[in-house]
Protein chains: 2
Amino acid sequence: MLFAEHGFDAVSMRDITALAKVNLASVNYHFGSKRALLAEVVGSRAHLLVEERLRLLSALRRDKNGRPKLEDVIEAFLRPSLEMSRQPGGADHMRLRARLGVERVGESKAQFEQIFDASNEKIIDALAEALPDHPRAEIYWGFHCLLGIQNYTMANSGRIQHLSRGACDPTDVEATLARIVPFVANGFRALKRKRAAPRPRR
Amino acid sequence: MLFAEHGFDAVSMRDITALAKVNLASVNYHFGSKRALLAEVVGSRAHLLVEERLRLLSALRRDKNGRPKLEDVIEAFLRPSLEMSRQPGGADHMRLRARLGVERVGESKAQFEQIFDASNEKIIDALAEALPDHPRAEIYWGFHCLLGIQNYTMANSGRIQHLSRGACDPTDVEATLARIVPFVANGFRALKRKRAAPRPRR
DNA sequence: GTCTATATAAGGATAGAC
DNA sequence: GTCTATCCTTATATAGAC
């Protein structure tokens with residue numbers, strides 16, 4: 001479909017169809033409802049993303065112990081997300097996904113779980129391989145941080161461009177990877193052993 | 001106001017007023033519009049958050065060179081956010097803010113800039129003090145990552161609870177700080193010098 | 001299959017009684 | 001100041017002609 005270019009939620013079907021120059025009724029004819037359209041357009045792209053991640057994962061270089069390099073695993077996770085934002089319509093798709101990822105309502109949640117769970121578990125396994133001395137729980141904590149950074153970057157709120165007066169631009173894929181990958185890798189390494197909880201301050 | 005307990009956007013004023021047991025018309029009488037209500041309820045709490053951050057910032061311990069410890073700065077930024085989620089209605093407020101932070105529309109953006117810009121710049125200055133050898137731009141990149149982790153934690157998407165089968169719970173404030181603070185601190189330390197951009201893979 | 005016209009519902013805001 | 005009743009707009013979805 002031509003108008004699969006779009007990815008909006010807070011936007012009406014009238015906006016979508018006007019921009020895509022298709023008739024309002026044809027959407028319901030083909031998809032049945034707005035939510036179904038959303039699921040279709042989000043899902044189709046998300047599947048491509050997952051495939052690319054799995055491809056990069058399976059191509060990971062291994063050291064003599066058969067372990068992947070931590071940085072490579074993180075890049076395999078992040079690069080497909082960030083590169084998708086460069087494709088036509090991709091930036092909107094990413095922003096939409098970042099927003100839907102926050103929703104508590106189960107509608108798109110179930111869809112995301114179905115699409116992403118399997119590959120996310122593979123990523124987590126690869127992270128655990130790269131960090132053989134880390135407790136599994138700490139891998140999850142690190143992955144939580146990685147998800148947060150990924151989502152915020154995809155959302156492109158413009159906040160850091162504003163604060164840095166343009167010195168820092170998260171829409172530049174290579175510049176972003178060059179910072180986030182080492183940041184996250186080093187962050188993971190800090191989780192090797194549980195730290196004592198910081199003392200509450202009064 | 002009693003119904004300042006809530007923090008919703010995708011929710012109607014009828015829902016809000018029904019839950020708060022106040023009359024629908026009284027909201028417009030007191031606030032003028034739904035957006036004004038949103039701005040008021042979000043803003044009042046956000047100001048408290050900023051005040052608490054500034055309080056912690058000004059109380060930072062300093063080493064003999066007058067530099068704060070990196071971990072302390074990060075905690076001064078994060079702790080007020082996370083602790084607010086334990087107050088009544090605070091979790092909803094946090095989730096709402098996480099959502100609004102993603103919106104591109106300038107309406108709440110301008111408000112957030114007005115509320116948060118000054119204290120964020122102070123945090124960034126403190127980070128730069130704690131990391132005297134880092135280029136300023138790299139401090140911004142690290143702050144971007146910190147913002148992302150904070151937002152995602154506040155949003156409480158439930159994703160990591162699901163993936164970890166409950167082993168990891170970001171609503172536990174102390175457990176979360178015990179992971180995020182060292183993760184972010186070590187992440188910042190990885191940004192000391194610019195890395196070469198990772199080679200694109202095909 | 002694609003269009004116009006419309007049914008139906010929901011939400012924000014307000015008028016006006018009390 | 002607070003309530004009820006209502007206006008007006010907008011949105012999804014569909015019926016039915018072509």
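Values in this text are rule-based calculations from the coordinates and carry no lab data. All of these numbers come straight from a predicted model, not from anything done at the bench. Every residue, glycine as well, gets a Cβ built from its backbone with ideal geometry; the counts of neighbours run over all protein chains shown.
Note on the protein assembly as shown: Cα-only Rg and Dmax are 21.5, 71 Å. Annotation for A:Lys21, label-to-label distances across the other copies: 5.7 nm (shortest first, one decimal, point 7 Å from Cα along Cα→Cβ).
To the nearest 20 debye, what charge dipole does the protein assembly as shown have about its Cα centre, counting +1 at the Cβ of each Lys and Arg and -1 at the Cβ of each Asp and Glu? Walk me through the intermediate numbers first.
Working: 64 positive and 48 negative charges, 199 e Å.
Here the protein assembly as shown has a charge dipole of around 960 debye.
Length gained on full extension, A:Ser44 to A:Arg67, computed as 0.36 nm times the residue gap minus the Cα-Cα distance: 5.1 nm. Based on DSSP H runs of at least 4 residues, each adding -39500 (n - 2.57), what is the mean residue ellipticity at 222 nm of chain B after dividing by all its residues, to the nearest 500 deg cm²/dmol? Theoretical 222 nm ellipticity from helices: -21500 deg cm²/dmol. For A:Asp63, inter-copy separations between label points set 7 Å beyond Cα along the Cβ vector come to 2.8 nm, shortest first.
List the relative contact order of the range B:41-189 as a percent without decimals, with contacts defined as Cα pairs under 8 Å and 6+ residues apart. Write out the running numbers ahead of the final one.
Details: 114 pairs, mean separation 43.5, N = 149.
It rounds to 29 percent for the range B:41-189.
Of all GluC sites (Glu not before Pro) in the range A:18-86, which ones are in loop regions per DSSP and have a Cβ with at most 10 other Cβ atoms within 10 Å?
In loop regions of the range A:18-86 (DSSP not H, G, I, E or B), there are no sparsely surrounded GluC sites (Glu not before Pro).
Across peptide B:67-74, the mean count of Cβ atoms from other chains lying within 10 Å of each residue's own Cβ comes to 1. Position B:Pro132: other-copy label points at 4.1 nm, ordered by increasing distance, label point 7 Å along Cα→C-beta.
Considering only DSSP states other than H, G, I, E and B, which trypsin sites (Lys or Arg not before Pro) in the range B:74-148 qualify as loop sites with at most 16 other Cβ atoms within 10 Å? Before the final figure, lay out the partial values.
On the way: sites: B:Arg86, B:Arg95, B:Arg97, B:Arg99, B:Arg104, B:Lys109, B:Lys122, B:Arg136; in loops: B:Arg86, B:Arg104.
Filter output for the range B:74-148: B:Arg86, B:Arg104.
Could you run the Debye sum over the Cα atoms of the range B:50-202, one equal point scatterer each and no solvent, and tell me log10 of I(q)/I(0) at q = 0.09, 0.20 Å⁻¹, two decimals? Once normalised to I(0) and log-transformed, intensities are -0.32, -1.37. Other residues with beta-carbon under 14 Å from the beta-carbon of A:Gly66 carry, at +1 per Lys or Arg and -1 per Asp or Glu, a net charge of +1.
Cross-link list A:Lys69/B:Lys192; A:Lys34/A:Lys109; A:Lys192/B:Lys64; A:Lys69/A:Lys192: which exceed 25 angstrom alpha carbon to alpha carbon? Intermediate results must be reported in sequence, preceding the final value.
Working: A:Lys69/B:Lys192 21 Å; A:Lys34/A:Lys109 16 Å; A:Lys192/B:Lys64 29 Å; A:Lys69/A:Lys192 16 Å.
Pairs exceeding the cut-off: A:Lys192/B:Lys64.
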